[in-house]
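Asks: Starting off with a structure, shown below.
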Amino acid sequence: MPTTASNQTILSPQLADLLDGYHDEIVASWVILLCGMDDTHYLDRHHTHYRQQPVTELQASARACISALLSLFRTGSFDLLARYSKETCHLRVSQGFDIAEVIEGHLLLSEVVVPIIQRETGWEGYEQPALRMASALDAALRWLVIRFSKFYSLAVNARLQGQVSLLEQQRTELERRIREVSALVSSSALITSTLDLDRLLTLILEQLAEVVDYDRASIQLLFDNRLRIIAGRGFKRPDDVVGLSFDPLQNVLTRRLLDREAPPIVLEDVRNEPDFVA
């Protein structure tokens with residue numbers, strides 16, 4: 001994986017030991033700084049009731065970051081830190097954070113760790129061990145900033161694409177419902193517009209095609225306990241179909257059709273339905 005820092009710069013077992021030994025202190029201090037950031041999603045002071053990220057969530061994120069840094073400073077591998085940066089970007093985007101908040105929040109880690117380095121090494125001037133640790137931390141944070149800049153734009157684009165897809169689905173569903181309602185209104189008007197039964201049945205089948213993109217359709221009426229096909233559309237030989245009648249009780253599907261309390265029957269594929277009669 002390409003990096004912006006060499007292994008020689010980033011390897012720092014001494015810094016890893018320090019982060020490990022002061023793990024809880026670093027997490028607690030970092031979370032306090034995050035919650036102290038004004039006008040951010042960490043703590044939004046523009047609301048009457050502060051809208052704050054749950055402390056437990058911030059603590060978990062801080063622990064994950066420090067664990068990834070521990071691995072980096074001990075092995076020189078960016079794998080865990082790369083995974084952390086990608087997951088954090090997706091999480092913060094979903095929570096409404098902007099890139100500046102995420103970067104600024106992570107740079108605060110330096111304000112927590114550098115004083116500990118200074119305290120533990122007795123850093124009074126420019127001692128090499130302290131400088132090496134500070135340099136490794138700075139290189140890791142600069143690497144994170146670059147990764148956040150890259151992944152944040154990808155995460156935002158993915159989220160926007162998801163919203164666009166959802167809006168497109170909603171628009172398609174709305175158009176479908178409009179067609180259905182329009183067809184029902186038109187059918188209602190047509191029923192009262194003519195006394196010619198054959199013409200009326202033809203118009204109903206035409207209107208049905210506006211709602212359901214069918215290959216074939218028929219209208220059946222119950223006469224003397226038998227279903228009779230009184231109109232059809234889409235059949236190769238309509239005259240062979242119209243006029244046919246059958247006992248509806250002899251078929252599972254037609255028995256269900258006669259149940260006024262039953263919902264409409266929708267079959268995904270009639271070829272896979274053993275009770276469907278062609």
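The values are calculated or read from the model by the stated rules, or taken from the named source; none is laboratory data. Keep in mind it's a predicted model, so treat the numbers as computed, not measured. As a convention, Cβ positions derive from the backbone with ideal geometry for all residues, glycine included, and neighbour counts pool all protein chains shown. These accessible areas exclude ligands, DNA and RNA; they are computed on the full protein's heavy atoms, side chains included. Shrake-Rupley method; radii C 1.70, N 1.55, O 1.52, S 1.80 Å.
Asks: Given a Förster distance of 41 angstrom, what is the FRET efficiency for Thr75 paired with Asp98, based on the Cβ-Cβ distance and rounded to 0.05?
Replies: Numbers: r = 32 Å, r/R0 = 0.79.
Computed FRET efficiency for Thr75 and Asp98: 0.80.
Asks: If r is the Cβ-Cβ distance from Arg171 to Leu257 and R0 is 22 Å, what FRET efficiency results, to the nearest 0.05?
Replies: 0.10
Asks: Using 7 Å Cα-to-Cβ label points, what is the Asp20/Arg199 separation (nm, one decimal)?
Replies: Output for this residue pair reads 9.2 nm.
Asks: Check which residues have an amide H placed less than 5 Å from Thr40's amide H, if you skip close sequence neighbours.
Replies: Those qualifying (amide H under 5 Å, at least 5 residues apart or on another chain) are Arg45.
Asks: Take Ser71, Ser245 and sort them by solvent-accessible surface of the protein heavy atoms, 1.4 Å probe, largest at the top.
Replies: Numbers: Ser71 30, Ser245 55 Å².
Of Ser71, Ser245, the descending order of accessible area is Ser245, Ser71.
Asks: Rounded, prolate or oblate, given the Cα gyration tensor of the stretch 164-278, with a/c below 1.5 counting as rounded?
Replies: It is oblate, given that a/c is not under 1.5 and a/b is not larger than b/c.
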